[in-house]
Amino acid sequence: MTEVDHQPERAAERTVFGHPIGLVNLFGVELWERFSYYGMVTILGYYLYYSLTEGGLGLEKTTATGIVGAYGGVVYMSTVLGGWLADRVLGMERTVFYGGVVVMAGHIALAVLPGLAGVGAGLALVALGSGALKANASSLLGTLYEKGDPRCDGGFTLFYLGVNLGAFIGPLITGVLQTDLGFHYGFGAAAIGMALGLIQYVVFRRNLGTHGRIVPNPLPRNQIPMVIGFVAVVVAVVAIAGATGLVRLSDIAWWITGIIAVASVVYFYLMLRSPKVTPLERVRVRAFIPLFIANAVFWSLFQQIFTVLAVYSDERMNWSVFGWTAPSNWIGSEEPVWVIALSPLFALMWTRLGNRAPTTPRKFAYGVIGMGVAFMLFVLLSGFEGKTVPALLVFFILGAFAVSELMLSPIGLAVTTQLAPEAFRAQMMALYFFSVGIGTSMSGVLADYYSPHHEVAYFGTIGLVTIVVGIVVYFLGPRISRLMEGVH
């Protein structure tokens, strides 16, 4: 009996490349989830605004990009539901699995159901499933490392490599399928990708040992009716808002941005006031607030790859490759190439530097400043007329996107797990994704102001404002580090 009890402990000590072996399983499931997500989202805008004769739905272009941005915001907003389910009902490990099942169902709906009905059903399911999987896969990875473990940043950077492998391969496949066979074949490929991710997750589930199996804050039975009632009210409000025209497709990105921002404020308040949060944990949560804001600013630019830059790719870029014209959605695969190439180098760098590496606030500052500079580089391409911007030049600009992303995104995932109160581990990760959600939905809001005739003003102004935000975070860095109370 003693031997059986100690077996999970020994399994948890197994490593690969110096990291816990459970990283391999989470790397794989996140790879295939991102394959399905980015494979779908890079053709979604075109599906919405291409004409009926081109296989699309014929919506206004600004409405289509707004929907894409708003949808991305909803994905990250739903991470709070995934975090709540993990903390109160299922535990992180099972929530990851069931989230993947719902994602697959959503892609199937997009593939087989026609028109806006298929879009509505499919995007709702993918958003809910991705929210459950994303928040908990990252949080589950965080449980494999002790607080202060210098391997943590390197582990999350390797995990991020899986994210970007999926993000690279997905658009390549769905773009060719969409061009040659139609949009619904591309959506079908996304469903198959998620199915492969679920299969590998089940096969290698044992590598996670007992991590994520415990429900840290179980929901009392007497509160179940109240939760069901709350969900029913939310569904009714959404249905009424849509049916009465209170929320229109053309301004949905504004609504989602506002909802996530208000929800974030409420969430911070509840977490800081909770008796289950210790004084030390409360100070660390306060340290997270400026990082939250910086993260939102960063993603409002980065996620324009799927809104403004998707239109830019379709209308301004020359995709001719040896006489063959590549699909416009391949812009979604250009940036991940850089991340795939650079992730191992960043992982090695953070691991070797250990506690000598820049502090997390400084890494955030560098990432935000770099993102602003990268955005301003598009000003240099404004001299090209029509659809003549070389794809290779954009590829190099997206390399700057990648360096900035690696300075901030995997580090943000890692520090969130380190600053999270014990009773809110998964929900703290959901709060991190709220900041990504605000930025993602803002990418849809900002898309409404883009025009090929005003590229200098658009890219220049937004890039400059972002650089200023990064500089502010840089100078606030020492104060934020003190509030982090021992977390580097």
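As a length-normalised measure over Cα pairs under 8 Å and 6 or more apart, the relative contact order of the chain settles at 26 percent. A straight line joining the Cα centroids of region 92-109 and region 31-69 runs 21 Å.
Using 0.36 nm times the number of residues separating PHE384 and VAL112, minus their current alpha carbon distance, what extension gain do you get?
Length difference between fully extended and current span is 93.9 nm.
A straight Cα-to-Cα reach below 29 Å connects LYS276 with the lysines LYS134, LYS147, residues fewer than 8 places away in its own chain not being considered. Averaging the Cα positions of each part gives two centres, and for region 133-182 and region 409-437 these lie 16 Å apart. With θ taken as phi - 60° and the Karplus curve 6.51 cos²θ - 1.76 cosθ + 1.60 applied, the whole-hertz 3J(HN,Hα) list for region 313-327 is 5, 6, 10, 10, 9, 8, 9, 6, 10, 6, x, 10, 9, 6, x Hz, x standing for glycine and proline.
Using a simple charge model, +1 on the beta-carbon of Lys and Arg, -1 on the beta-carbon of Asp and Glu, nothing else, what dipole does region 226-336 show about its Cα centre, in debye to the nearest 20? Write down the numbers at each step before the final one.
Numbers: 7 positive and 6 negative charges, 142 e Å.
Approximately 680 debye in magnitude.
With n ≥ 4 as the cut-off for DSSP H runs, can you work out [θ] at 222 nm for the chain, using -39500 (n - 2.57) per run divided by the number of residues, rounded to the nearest 500?
On the way: 17 runs with 359 residues, N = 488.
After summing the helix terms and dividing by the residues of the chain, the value is -25500 deg cm²/dmol.
Mean separation of Cα pairs under 8 Å and 6+ residues apart, divided by the residue count of region 1-151: what relative contact order is that in percent? Here the relative contact order equals 23 percent.
This structure gives P(r) over Cα pairs in 10 Å bins from 0, in percent, computed directly, and of [x] 4, 19, 27, 23, 16, 9, 3, 0; [y] 4, 20, 32, 27, 13, 3, 0, 0; [z] 4, 17, 23, 20, 15, 11, 7, 3, 1, 0, 0 that value is listed as [y].
Each label was represented as a point 7 Å from its Cα along the Cα-to-Cβ direction; for LEU249 and GLU315 these points are 1.8 nm apart. Overall form of region 158-202: oblate. Here a/c, set by the Cα gyration tensor axes a ≥ b ≥ c, is 1.5 or more, and a/b is not larger than b/c.
Rounded to the nearest 20, the size of the Cβ-charge dipole of the chain about its Cα centre is 1260 debye, with Lys and Arg at +1 and Asp and Glu at -1. Work out the charge dipole of region 231-325 with +1 on the Cβ of Lys and Arg and -1 on the Cβ of Asp and Glu about the Cα centre, then indicate which of PRO275, ALA296, LEU246 is farthest towards its positive end. Value: PRO275. Based on protein heavy atoms only, the chain ends up with 41 Å² per residue of surface accessible to a 1.4 Å probe. Shown for the chain: the carbon plus sulfur share of the solvent-accessible area, taken with all protein chains present and a 1.4 angstrom probe, equals 70%. Modelled this way, with points 7 Å down the Cα-to-C-beta line, the labels at LEU181 and LEU219 are 3.9 nm from one another.
Fully extending the segment from VAL472 to LEU345 would add 42.9 nm, taking 0.36 nm per residue of separation and subtracting the current Cα-Cα distance.
The values are calculated or read from the model by the stated rules, or taken from the named source; none is laboratory data. Values in this document were obtained by computation on a predicted structure and should not be read as measured data. Heads up, the Cβs are rebuilt from the backbone with ideal geometry, glycines too, and the neighbour counts pull from every protein chain shown. In case anyone asks, the SASA skips ligands and DNA or RNA and just uses the protein heavy atoms, side chains included. Shrake-Rupley method; radii C 1.70, N 1.55, O 1.52, S 1.80 Å.
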